[in-house]
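The values are calculated or read from the model by the stated rules, or taken from the named source; none is laboratory data. In this text the structure is predicted, and so the values were computed from the model without any measurement. Cβ placement follows ideal geometry from the backbone for every residue including glycine, while neighbour counts extend to all protein chains displayed. Ligands, DNA and RNA are stripped out before the accessible areas are found, and what is left, the full protein with its side chains, is counted by its heavy atoms. Shrake-Rupley method; radii C 1.70, N 1.55, O 1.52, S 1.80 Å.
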Amino acid sequence: MKSTDINERSPWQDITEGNQIYEPATSRNFHTGEWRTCTPVFDSAKCTQCLLCFPVCPDSCIPLKDEKRGEFDYDHCKGCGICAKVCPFGAITMKEGK
């Protein structure tokens, strides 16, 4: 890919100062999971699908499909650990690093 192709798709003139977000509902456009220092690890064998973790995730990184939780959305998870604290079955643990 040529550098001119990148500039045409994302010209520097369109980037806000400090890359700040001025519109609502645009967080899916940014991979904020890169900020993460701790990573949640999901053990599906221990999970009872109680779904207590789903509503407490501040970044909506726990997807649901057919009323069952899936793997984490690591592109947006910041590793806050709230999900691990509310899981009564130990199905979510936190590991240091990405």
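Descriptive notes on the structure:
- Accessible area of the stretch 46-85 belonging to carbon and sulfur atoms, whole % at 1.4 Å probe: 55
- Peptide packing: for 55-61, 78-84, the average count of neighbouring Cβ atoms within 10 Å per residue gives the ranking 78-84, 55-61, highest mean first.
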